[in-house]
Number of protein chains: 2
Amino acid sequence: MYWAGEEMTSIGSVVTGVATLSRSLSDGRRQMVGLMLPSDFIGRPGRKISPFDVVAASDVLLCTFQKRAFDTMIAQSPSLETRLLEMTLDELDSAREWMLLLGRKTAREKIASLLAIIARRDAALLKSKPLDGLRFTLPLTREAMADYLGLTIETVSRQMSALKRDRIIEMEDARRITVPDYGALLDEAGDDADGGLLE
Amino acid sequence: MYWAGEEMTSIGSVVTGVATLSRSLSDGRRQMVGLMLPSDFIGRPGRKISPFDVVAASDVLLCTFQKRAFDTMIAQSPSLETRLLEMTLDELDSAREWMLLLGRKTAREKIASLLAIIARRDAALLKSKPLDGLRFTLPLTREAMADYLGLTIETVSRQMSALKRDRIIEMEDARRITVPDYGALLDEAGDDADGGLLE
DNA sequence: CGGCAGTTTGACCAACATCAAGTTGGGTGG
DNA sequence: CCACCCAACTTGATGTTGGTCAAACTGCCG
């Protein structure tokens, strides 16, 4: 699955799986600018092209509409448009939060922030309150993490090892993570208010 | 002018001047996440608080509405909401473009990108086509540039000097810039398609 | 003539990137 | 079942970019 600057005739939302939104420089440096999780929207009402690449990070099931049909639906349903505006505003807040991370956080803080976000989303999914002792599987490769955080895979790997060494996380293997103390992880992330990305 | 996590009872748009949107880490590191220029919107319909700081970078004239009244207007005018959605989607694209800059560009590329954007905006304002030999005044201090680009003021200063030394720009004083060859500046910015921030 | 904010420049340093081997683990074919 | 393979990951040695600390310069305002 891959859309670049091509014309889009459909629009849709993720049902299952993980897709990523990214952009590259001509020499190959890549930055991920969004993670599309179930319920997230792909495509832009009112616009023909997206300036970003959409790539599946796993098998992805989409619920799609013909773009024309969707635009008509919007025109007829103000409440749908209101909802869309809200979702877009939330994404904008998330993007700005991420700008703070990319511009000002250290490698260790970046990793801790990403882990905190994924841990929180997983906890929310399971409706578990405690958060401490939470165990989850990273849905991303080291390369995807690096592209997301503006780092190299080596730095990601090293910082993961450092967090493990410092008992902030436990790693059963590269993907299976346990967070014994969610508060400690948040401290490492560097912002008192835990960044509100991905909801 | 300064709004932080406070409750907002008004909403508005910039008429003249420049305001900035930024966010800080507890230890003072700051990242600018948006530049509000004339016609840009401040505030979030449907939300009480903004998680970012709005700071005037110059004297700013705002056109404000009571938030309640504005929400009512939206509810009554679908076309207003459509326009708002469009503006928000554009801002989201800009934010994502900026994420690429923050995550993957070098200091020199960051500076060149910012200069290219400001040069282009100024040229558009003057409706001048040529772009080469364009002369303009930076609306930002070195500190604001640094906060915008995720750099320190020293690095900003050094890279400005380097671009001057390499004849990419001319500097009459710290703020008065001339771009003899817009294409050359774009090359330094690192992306073939010139990044579409700030329109 | 200070004084001061904004800027520039230099010397040095730390964080992260780069380059280069290894290691791990799951999958495939003999 | 084992041998091999390959992608993903880890680790180490070294290099570079940009940050830090410190000092000086500029232009403006009182």
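Report the residues of the range B:30-72 in range of a label on B:S10: point 7 Å along Cα→C-beta, backbone N strictly under 12 Å from it. Within reach of a label on B:S10: B:61-67.
When only C-alpha pairs under 8 Å and at least 6 residues apart count, what is the relative contact order of chain A, in percent? Value for chain A: 21 percent. Taking each DSSP H run with n ≥ 4 as -39500 (n - 2.57) and averaging over every residue of the protein assembly as shown yields -14000 deg cm²/dmol at 222 nm.
Percent of Cα pairs in the range A:68-114 per distance bin of 5 Å, from zero to the largest separation: 5, 20, 16, 13, 11, 9, 9, 9, 7, 1.
Summary for A:R83: label point 7 Å along Cα→Cβ; distances to the equivalent points in the other copies, ascending, 2.6 nm. Summing +1 for each Lys or Arg and -1 for each Asp or Glu among the other residues whose beta-carbon sits under 10 angstrom from that of B:M99 gives +3.
Report the calculated FRET efficiency for B:M171 and A:S26 (r = Cβ-Cβ distance, R0 = 35 Å), to the nearest 0.05. That gives a FRET efficiency of 0.80. Once the Cβ-Cβ distance of A:A107 and B:E143 is raised to the sixth power relative to R0 = 25 Å, the FRET efficiency obtained is 0.55.
Rounded to the nearest 0.05, what FRET efficiency is calculated for B:D187 and B:R135 with R0 set to 25 Å and r the Cβ-Cβ distance? Between B:D187 and B:R135 the formula returns 0.80.
Among A:A189, A:A174, A:A112, the residue with the largest mean-square fluctuation in a Gaussian network model of chain A, with springs joining Cα atoms closer than 10 Å, is A:A174. Ranked from shortest, the separations from the 7 Å Cα-to-Cβ label point of A:F41 to its equivalents in the other copies are 1.2 nm. For the range A:110-176, the relative contact order is 31 percent, taking Cα pairs closer than 8 Å that sit 6 or more residues apart in sequence and dividing their mean separation by the residue count.
What separates the B:E172 label point from its copies, with the point 7 Å along Cα to Cβ, is 6.7 nm, written shortest first. Remark: the range A:1-157 carries a charge dipole of roughly 260 debye about the Cα centre, counting +1 on each Lys and Arg Cβ and -1 on each Asp and Glu Cβ. Within chain A, what percent of beta bridges assigned by DSSP are antiparallel, to the nearest 5? Looking only at bridges with both residues in chain A, the antiparallel portion is about 100 percent.
Across the range B:1-114, C-alpha contacts under 8 Å between residues 6 or more apart give a mean separation that, scaled by the residue count, equals a relative contact order of 30 percent. Among the trypsin sites (Lys or Arg not before Pro) within the range B:107-163, those in coil by DSSP and having at most 11 neighbouring Cβ atoms inside 10 Å are B:K127. Inter-label distance, B:R68 to A:T152: 5.8 nm, where each label sits 7 Å from its Cα along the C-beta direction.
We did not get these values from a lab; they are worked out from the coordinates using the rules stated. The structure presented is a predicted model; accordingly, all values stated were derived computationally and were not measured. Methodologically, a virtual Cβ is constructed for each residue, glycine included, from the backbone with ideal geometry; neighbour enumeration extends over all protein chains shown.
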